[in-house]
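Since the structure comes first, as structure tokens, the remarks are kept for the end.
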Amino acid sequence: FAGDTRAQSVTQPDVHVTVSEGARLKLRCNYSSSISPYLFWYVQYPSQGLQLLLKYTAGNTLVKGIKGFEAEFKQRETTFHLRKYPALGSDAAKYFCAVSDTVPGTAGGAEHKP
């Protein structure tokens, strides 16, 4: 609404991460939000569009996603780091963390279903 001063933002401190196959993968996401946020991780494989990996909306802070990925919502630390073990060569891609004060898809939008 007009005059709303709420703001959300995310930062991904690791620009480039190299992980050996079979090792533990961790991609960091730090967020700031003046309200309880909705958090998302997306992946973009080469020559493909964005695909939703997982999302946190409420409830259980440990979120299980597709392809063995998971992320834990830590409100005190304002983090939502993505993890996977073991990492696979096929995980090579671009990963994006996002924050919102609304959940995409609840107003008639589309959501990718694997």
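Within segment 22-44, the set of residues being surrounded by fewer than 18 Cβ atoms within 10 Å (Cβ to Cβ) and at pLDDT below 95 comprises Ser32, Ser34, Ile35, Ser36. Contact annotation: residue pairs with Cβ atoms under 6 Å, 6 or more positions apart or on different chains, pairing a residue in segment 52-63 that is in contact (Cβ under 8 Å) with a residue 40 or more places away in the chain with a partner that is part of a strand (DSSP E or B), are Leu52/Tyr42; Leu53/Trp41; Leu53/Val43; Lys55/Phe40; Thr57/Tyr38.
The values are calculated or read from the model by the stated rules, or taken from the named source; none is laboratory data. The shown structure was predicted, so the numbers you read here are calculated from the model rather than taken from an experiment. Please note: Cβ atoms are built from the backbone with ideal geometry, for glycine as well, and neighbour counts cover all protein chains shown.
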